[in-house]
Amino acid sequence: MDIYGWIELVLYVVLLLALTKPMGLWLFKVLDPQGKTFLDPVFRPVEKGFYRLMGVDPQSEQDWKRYAFSLLAFSLVGGLLTYALLRLQHRLPLNPQAMGAVPDHLAFNTAISFTTNTNWQSYGGESTMSYLSQMLALAIHNFTSAAAGIAVAAALVRGIARSCSKTVGNFWVDLVRLHLYLLLPLALAFSVFLMSQGMIQNFKPYTTARTLDNGAVIQSIVQGPMASQVAIKMLGTNGGGYTNANAAHPYENPTPLSNFLQMLAIFLIPSGLTYYLGKMVKHQRHGWAVWGAMTVLFLAGVLVCWGAEVHGNPRLQAAGVVSSPGNMEGKEVRFGPFESALFATITTDASCGAVNAMHDSFTPLGGLVPMLNIQLGEVVFGGVGAGLYGMLVFVVLTVFLAGLMVGRTPEYLGKKIESYDIKVSVIAVMVLIFDILCFTAWAVSSKWGLAGLNNAGPHGFSEILYAFSSTTGNNGSAFAGLTANTPWYNTTLGLSMVFGRFLFIVPVLALAGSMAKKKLVPESAGSFPVSDLMFVVLLVGTILIVGALSFFPALSLGPIVEHFLMAESNLLF
Amino acid sequence: MNRLFSEFRASIVSTLLLAIVCCGAYPLAVYGIGRVFPAQADGSLLREGGHVIGSALIGQSFSGAGYFHSRPSAAGQGYDAANSSGTNLGPLSKKLIDDVTGRVADYRKENGLDNATPVPADAVTSSASGLDPHISPENARYQLRRVAAARGLTQGAVQAKIDANTEGRQFGLFGQPRVNVLLLNLELDGKR
């Protein structure tokens, strides 16, 4: 754990902190249908054109059920479009490598995967997808699923902020404004930076190179419209790699600087959303308290993962490998153990899932951190929107528990938390837990589940547990040795993505509707303070207790036992 | 029924419009801007006598004694730049330990190291992408004697070329010090 790592980590947190307020203020304008920005001269007419063609009245608002229905209908249409495009890929243009049609179960899995902001990849990008599939069938969801996630968070925040309101906003207005004023401008600027670092953006067929050592050996080098896709993949916490190796690929993450800014891009919008929360509920310190709780969990994860990866694998050291700089299996020289551990933590704190190192080859405790991050609900900054609404569910539970402890009716920002609110919050949390554990149990006790393993022993169990955690949490990273491109896995993983996304969003929107209806009562001396250290400690405690109670037994069978086997035995698998 | 229709109309129309903007205009705009730095946007390709011999960003496989050797690769049959991949072997994988043990022995033999010398980690482990263009400076230093002997050069001359192709931390902070193997070997061949 060298000084460069510490400086970079501090710099990362400081920059994130500095960007939180500007991003939050920008979100505040974008998510206000009347909000004015300097982009209005360009995009206002486009925005109006969108509404006219869509038949949407931007002045009207929706109750939570209508809002949810719009989101579900929109997701269904996008998912079907992607399925169709993938199945017909071989007949469509922009396919210089003559990629064949994507098989039905893989197209099913992939369409769901991108629609749900998961970007789980049962395929290798550069060996499966045409340029059209990459930039249309897949990249459209990098935008739309990100906007949908932010929209849900905005609806929930409005619900909390409003008093005696029937509505929580208009999904279509949120959707269009988030694209035009937030995602597109950011992605455009970011993709230009990425190209400057060496990322490709072209429509050429793959390059044929005669290699230096032996000119008879031909190296076919991937090409295509990568920068435009990668920019939004990071900003929208999608994480689906253009290539199989994702952000470890030298084109997809050419320099340490591109790596640093890609990591910052993951947390940029989620962090800004905490400020948006504070501003909307007129309690800025509450927003910062939520930010603080997230940062505590973030730093804890980074330090454990970094420490484990630097400590390395004693079995390799026994085989004659230098112990410094640490575990290099599945890592790139330009990043090394620290930047790989930092990236792994960030990508799983958020529901991004891009990887710049192979999590499957991490040390047991190094790999435990990303897995646990996902299982805690990805509420540490989290996916764009998904992180905040997930965290707010935990906030409601925390306030409820605190109320139980002191024997008062729980109250959150002047709203009474009632039985209905707790029910929908618990449903949301339980869906994730059941989804992960039941599918994992099914897979490890089935032939189809064990058939895909790349590793045996506890690590094999981890591969399966990670897969269903990742898909349920809409993360998309993997212990990628698992061969998931089978009809059974594609179907079960696809279902777990649907459940994890929409069976979480619907209760969250129900919570938004319920909160909006409530009357705002002024805070009194008896109200539970939601901006001090006590609140942060209780919130972090609630997240850890729910996560630990749910997943400790499963984690014990995977990374934890593997850690002790590595340290205390000579067993290999 | 009317409501249902209006929701799906909005869904379909917005999907089409967003596709035009986000999947048509946007990537084309990025492509257009990319023409300002075509070398990067086209893949940082290296040419020699009219044909492409590789990319400055993508590693290649080297086996000749006179070349510096890249890291082990799990991309296809090795450095397949249309099939990036790591091994995804876990820390207690028997295959991983066997593979690394074999590579350690080979590395020591090739480079004239005794059996007590620990080997640089990057020299015997596979990268995440299978296309890692870099090795660590320590790894290059261990290979120096072999390359110099095979080419009949002094070690000082080869060391100078290693130094010239060593990248430090970006802005003195980001990333790890590293040597670009393809660029170094090109320079040894007098092709740069």
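None of the figures in this text is laboratory data; all of them are computed from the coordinates on show. These numbers come from a predicted model, not from an experiment. In this analysis, Cβ positions are derived from the backbone assuming ideal geometry, glycine residues included, and neighbour counts consider all displayed protein chains.
Any chance you could give the angle, 0 to 90 degrees and rounded to 10, that helix B:155-164 forms with the longest Cα principal axis of chain B? The answer is roughly 20 degrees. Legend: helices of chain A (whole DSSP H runs) are marked when their alpha-carbon atoms reach 15 angstrom or more along the helix axis and their mean Kyte-Doolittle hydropathy is at least 0.5; marked are A:3-30, A:64-87, A:139-161, A:184-196, A:256-280, A:284-311, A:364-375, A:386-406, A:419-444, A:487-517, A:533-555. Between the residues A:194, A:220, A:150, the greatest Cα displacement towards the positive end of the dipole of region A:115-239, with unit charges on the Cβ of Lys, Arg, Asp and Glu, is found for A:150.
Panel order for A:235, B:144, by other beta carbons found within 10 Å of each beta carbon, from fewest to most: B:144, A:235.
What does the charge count near residue B:78 come to, summing +1 for each Lys or Arg and -1 for each Asp or Glu among other residues with Cβ under 14 Å from its Cβ? Around residue B:78, the surrounding residues sum to -2. When +1 charges are put on Lys and Arg Cβ atoms and -1 charges on Asp and Glu Cβ atoms, the dipole computed for chain B relative to its Cα centre reaches about 100 debye.
Ordered by the number of other Cβ atoms lying within 10 Å of each residue's own Cβ, fewest first, A:2, A:435 fall into the sequence A:2, A:435. For the residue pairs A:282/A:518; A:204/A:331; A:29/A:233; A:21/A:233, the C-alpha atoms sit more than 26 angstrom apart in A:204/A:331. Think of each Lys and Arg Cβ as +1 and each Asp and Glu Cβ as -1; about the Cα centre, that makes the dipole of region A:383-468 roughly 120 debye. Taking a Cβ cut-off of under 11 Å around residue A:472, the surrounding Lys, Arg, Asp and Glu residues balance to a net charge of -1, with basic ones at +1 and acidic ones at -1. With Cα atoms defining each centre, region A:177-212 and region A:223-266 are spaced 9 Å apart in the structure. Put in line by how crowded their Cβ is, counting other Cβ atoms within 10 Å and starting with the fewest, A:434, A:381, A:143 read A:434, A:143, A:381. Take each residue of peptide A:157-167, count the partner chain Cβ atoms within 10 Å of its Cβ, and average: the result is 0.
Residues with beta-carbon under 13 Å from that of residue A:525, excluding residue A:525: net charge, scoring Lys, Arg +1 and Asp, Glu -1?
With Lys, Arg at +1 and Asp, Glu at -1, the neighbours total -1.
Rank A:230, A:105, A:172 by how far each Cα sits towards the positive end of the charge dipole of the protein assembly as shown (+1 on Lys, Arg Cβ; -1 on Asp, Glu Cβ) and give me just the farthest. Most positive-ward Cα: A:172.
Using a cutoff of 8 angstrom between alpha carbon atoms and counting only pairs six or more residues apart, the relative contact order for chain A works out to 19 percent. Taking the centroid of alpha carbons for each part, region B:150-192 and region B:2-25 are 53 Å apart. Quick one: check the C-alpha center-to-center distance for region A:295-319 versus region A:499-531, whole angstrom. Rounded to whole Å, the Cα centres lie 37 Å apart.
Across the options A:458, A:551, A:401, the greatest Cα extent toward the positive end of the charge dipole of region A:386-568 (unit charges at beta carbon of Lys, Arg, Asp, Glu) belongs to A:401.
Counted over the protein assembly as shown, the DSSP beta bridges are approximately 95% antiparallel. Evaluated with a Cβ-only charge set (Lys, Arg +1; Asp, Glu -1), chain A carries a dipole of roughly 1780 debye about its Cα centre, given to the nearest 20.
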